[in-house]
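First comes the structure, then the notes that go with it.
The values are calculated or read from the model by the stated rules, or taken from the named source; none is laboratory data. Only a predicted model underlies this, so the values are computations on that prediction, with no experimental measurement involved. Cβ sites come from the backbone with ideal geometry, for glycine too, and all protein chains shown count toward neighbours.
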Amino acid sequence: MITSWADIRFLSVRMAGLVRRGMASLRERGFKATFERLLARLGRRGVAPGTRPWLPAEAPFAPFSIGMAAAPVASIIIPVYNQFAHTLACLRALAAHSPAAPVEVIVVDDGSSDETALRLPDIAGVVYVRRECNGGFIAACNDGAARARGRFVVFLNNDTVPQSGWLDALLGTFDAFPDTGLAGARLIYPDGRLQEAGGLVFSDASGWNYGRFGTAEDPRYSYVRATDYCSGAAIALPRDLFARLGGFDIRYAPAYYEDTDIAFAVRASGHAVRYQPASIVVHCEGATAGTDTGSGIKAYQRRNQTVFADKWARALVDQPAPGTPADQAVVRAQRQVLVIDSLTPDETRDSGSLRIINLMRLLIEEGAHVVFLAANREHTGTPTRRLQQLGVEVWYAPHAQRPPSWLQRHGARFDTIVVCRHYVMREFLPLLRQHAPQARIVFDTVDLHYLREQRGAELSGDPSMRRAATRTRSLELDVIAGSDVTLVVSDVERALLARDAPGARVEILSNLHHAAGPGKPFDARRDMVFVGGFRHPPNTDAVLWFARDVWPRIRAELPGVRFACIGADPPAEVRELAALPGIDVHGHVPDIAPFMEGARVAVAPLRYGAGVKGKVNLSMAHGQPVVATSCAVEGMHLTDGVDVLVADDAQAFADAVVRAYTDAGLWERLAGNGLDSVRRHFSPDAARDVCCRVFFDRG
């Protein structure tokens with residue numbers, strides 16, 4: 001529903017842009033490919049899958065089994081005191097959703113008087129420990145940890161129902177973020193509402209379960225995040241670290257604030273406490289102790305707040321003041337950066353996605369809180385979840401309203417806003433100036449579109465393409481003039497803008513790649529590969545030229561060799577190349593590492609384009625020599641014969657491929673020098689200075 005003039009203006013600019021780009025796409029790609037791009041651009045307004053808790057069916061007790069590993073990675077410790085029905089539901093959930101990680105389950109019975117002692121020994125695979133008398137939650141947990149054999153201790157309340165994948169996600173936090181000392185689950189109520197997305201502690205030692213009673217799929221609660229503490233209902237710590245910290249502090253006995261205390265101790269030891277939203281655990285809050293803090297065991301919660309305040313008085317000085325809005329308390333003094341692109345990036349599909357994802361990684365490493373908004377507001381499943389697992393706050397419909405409304409609500413948060421692609425910036429720039437006047441506006445060209453279109457028009461000789469390129473130039477230079485900083489990927493593009501936009505501040509932020517290493521040696525590799533998404537017209541032109549004009553010459557010299565063509569959305573004319581001898585058209589391949597590590601030579605036969613070519617960087621990052629055209633290596637700090645072979649006509653290109661494929665000495669020199677070039681010019685470390693300068697005002 002359109003609600004304002006800002007909506008009308010935004011939508012009119014968007015529709016005009018879609019029409020113009022649609023006409024250009026029809027000329028370059030044809031009707032079918034253009035229609036598919038239009039659907040992707042408009043999006044389906046995908047919504048994150050709902051959190052519908054799995055709960056075991058109620059049934060009379062019957063013996064069952066839980067798998068126990070001889071060498072567990074994790075020891076799941078469940079303290080219990082009566083409430084056998086809850087314990088049974090928890091154990092049934094563990095049996096129904098066995099984790100991939102080897103585990104042992106230790107149930108510590110804290111002196112129960114119900115059927116717990118009778119039934120638990122009949123559950124195979126459970127290590128049953130019975131305490132002689134009731135000592136409270138802390139004593140039971142510490143006893144269980146003393147018996148643990150796993151590398152991690154995982155504390156799980158008996159009134160929980162862990163969901164499928166909960167433990168593997170929780171443990172995965174330690175691999176993804178090696179500084180993690182404690183990881184906590186997303187706790188939800190049995191009705192699916194959110195109970196906690198990590199905990200906040202204020203300067204008076206009071207606490208708050210972030211997101212309490214909210215929608216579990218809200219973007220604010222769906223990304224990995226450092227937090228003050230996580231409720232002890234479902235947390236994991238390295239066993240050695242838990243032991244070094246002395247376990248749960250007994251001064252809080254029998255219970256309450258011990259989880260907050262251990263989290264502060266973890267942070268004081270130099271480790272991080274992280275909330276892991278992919279680990280989902282239903283928690284029947286208060287099933288054992290109730291919720292009344294004025295009486296019973298729950299009264300210790302109020303007493304222990306004072307104990308905690310005395311112990312951590314120095315650390316509490318740096319905590320937010322009571323009454324600070326929760327969303328503000330979560331982010332604190334971090335620099336907030338908003339990234340806007342047309343679609344959610346997917347690093348398995350194109351190099352532009354890999355570049356923007358690695359930029360977000362770099363910003364997070366430097367201490368920024370990164371927020372991402374796709375112009376189509378679609379939750380794209382796995383790509384969206386990948387960003388959330390990096391620690392990016394990703395917004396999508398229906399939680400993200402139309403951009404005018406969303407920016408009206410959130411614009412004041414941001415210190416810097418980076419928008420990718422000129423047609424996206426054209427839609428958003430007026431809104432950003434209106435709703436985020438304090439923010440530095442950064443235009444990321446990705447590549448200079450008008451330069452690419454001009455070169456395509458020159459190659460085709462099509463007057464209509466030449467006119468379209470002139471129009472794109474005008475639009476792109478207009479948003480450059482309206483932005484505070486413009487990012488380009490090479491010296492070539494910066495030099496062009498020095499002429500075409502002399503008043504603009506232009507910085508080079510090139511492709512970002514982590515060097516994967518040399519991979520397999522020469523003798524262990526065979527065949528050749530091309531990687532590039534086919535929504536990008538230069539890739540289609542490149543593969544068709546290579547297959548029709550170059551490949552027959554290569555096959556004449558190397559009759560047994562095969563060519564793997566990899567890239568999403570290949571048009572019919574590319575798919576038809578599979579009929580040619582030795583050519584395999586794979587389309588989208590989610591994991592291209594086997595091709596990067598196993599193919600002997602990569603080709604980049606682009607005849608036009610702009611920017612820095614991710615396909616060249618990608619191969620070199622895997623120790624794979626590249627044969628490319630002059631256009632493909634433009635602005636990449638490469639030297640023909642040293643770290644790449646360059647040729648522009650069909651025979652010279654074929655000869656270069658054959659040389660690289662058959663000469664082991666040349667192959668090894670190109671592979672080593674190419675890998676070194678990636679480290680020097682295209683690694684995150686190489687981009688760190690410009691990132692700090694543009695986004696943090698450092699240097």
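Structure summary
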read-out	value
Qualifying residue in the stretch 144-155 (condition: buried (at least 17 other Cβ atoms within 10 Å of the Cβ), at pLDDT 95 or above, assigned to a helix (DSSP H, G or I) and assigned by TED's automatic domain parsing to the domain that holds ILE188)	yes
Test: ARG669 is of a type outside the set (Gly, Ala, Ser) and out of contact with any Pro (no Cβ under 9 Å at 6 or more places or on another chain)	no
Residue that is surrounded by 22 or more Cβ atoms within 10 Å (Cβ to Cβ) and under 17 Å from ASP261 (Cβ atoms), where the choices are TYR210, TYR229	TYR229
Tally, over the stretch 232-272, of residues that are among the acidic types (Asp, Glu) and surrounded by fewer than 18 Cβ atoms within 10 Å (Cβ to Cβ)	1
Test for LEU170: is it assigned to a strand (DSSP E or B) and either assigned by TED's automatic domain parsing to the domain that holds ILE78 or among the basic types (Lys, Arg) (or both)	no
Residue that is surrounded by the fewest Cβ atoms within 10 Å (Cβ to Cβ), among those in the stretch 573-588 that are free of Cβ contacts under 8 Å to residues at least 24 places away in the same chain and at negative phi	ALA579
Test: PRO430 is over 28 Å from ASP541 (Cβ atoms) and surrounded by 15 or more Cβ atoms within 10 Å (Cβ to Cβ)	yes
Cβ pairs under 7 Å, 6+ apart, first in the stretch 207-218 and under 21 Å from GLN301 (Cα atoms), second at pLDDT 95 or above and of a type in the set (Phe, Trp, Tyr)	GLY211/TYR221
Count - residues of the stretch 494-540 that are charged (D, E, K, R), out of contact with any strand residue (DSSP E or B) (no Cβ under 6 Å at 6 or more places or on another chain) and modelled with pLDDT of 95 or more	6
ALA671, sole failed condition from (1) farther than 15 Å from ALA515 by Cα; (2) crowded, with 18+ Cβ neighbours inside 10 Å	(1)
Selection from the stretch 199-221 of residues that are in contact with an Asp or Glu (Cβ under 7 Å, 6 or more places away or on another chain) and not in a strand (DSSP E or B)	TYR210, GLY211, ARG212, PRO219, ARG220
Conditions (1) in contact (Cβ under 8 Å) with a residue 12 or more places away in the chain; (2) assigned to a loop (DSSP other than H, G, I, E, B); number of the one not met by GLN401	(1)
Every pair of residues 6+ apart whose Cβ atoms lie under 9 Å, when the first sits in the stretch 559-572 and is outside the structural domain of ASP346 (by TED's automatic domain parsing) and in a loop (DSSP other than H, G, I, E, B) while the second is of a type in the set (Ser, Thr, Tyr) and surrounded by fewer than 18 Cβ atoms within 10 Å (Cβ to Cβ)	ALA568/THR348
Residues of the stretch 446-482 satisfying the condition of being in contact (Cβ under 8 Å) with a residue 60 or more places away in the chain and not in a helix (DSSP H, G or I)	VAL446, ASP447, LEU448, ASP462
Residue in the stretch 122-129 that is closer than 30 Å to THR380 by Cα, in contact (Cβ under 8 Å) with a residue 24 or more places away in the chain, in contact with a strand residue (DSSP E or B) (Cβ under 7 Å, 6 or more places away or on another chain) and surrounded by fewer than 17 Cβ atoms within 10 Å (Cβ to Cβ) present	no
Single residue of the stretch 363-393 satisfying the filter (buried (at least 21 other Cβ atoms within 10 Å of the Cβ) and among the charged types (D, E, K, R)) that is nearest to LEU509 (Cα to Cα)	GLU393
Residues being of a type in the set (A, V, I, L, M), in a loop (DSSP other than H, G, I, E, B) and under 30 Å from TRP667 (Cα atoms) - total across the stretch 489-519	5
Test: PRO79 is under 22 Å from LEU187 (Cβ atoms), in contact (Cβ under 8 Å) with a residue 60 or more places away in the chain and either part of a helix (DSSP H, G or I) or in the same structural domain as ALA234 (by TED's automatic domain parsing) (or both)	yes
Residue list for the stretch 318-362, restricted to those being of a type in the set (Ser, Thr, Tyr) and surrounded by fewer than 23 Cβ atoms within 10 Å (Cβ to Cβ)	THR324, SER342, THR348, SER353
The stretch 598-635: number of residues that are modelled with pLDDT under 95, touching a Lys or Arg at 6+ places or on another chain (Cβ under 7 Å) and among the polar types (S, T, N, Q)	0
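Conditions (1) over 30 Å from ASP569 (Cβ atoms); (2) among the aromatic types (Phe, Trp, Tyr); (3) modelled with pLDDT under 95; (4) part of a loop (DSSP other than H, G, I, E, B), marked per residue:
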{"site": "TYR275", "(1), (2), (3), (4)": "yes, yes, no, no"}
{"site": "ARG302", "(1), (2), (3), (4)": "yes, no, yes, no"}
{"site": "VAL339", "(1), (2), (3), (4)": "no, no, no, no"}
{"site": "GLY352", "(1), (2), (3), (4)": "no, no, yes, no"}
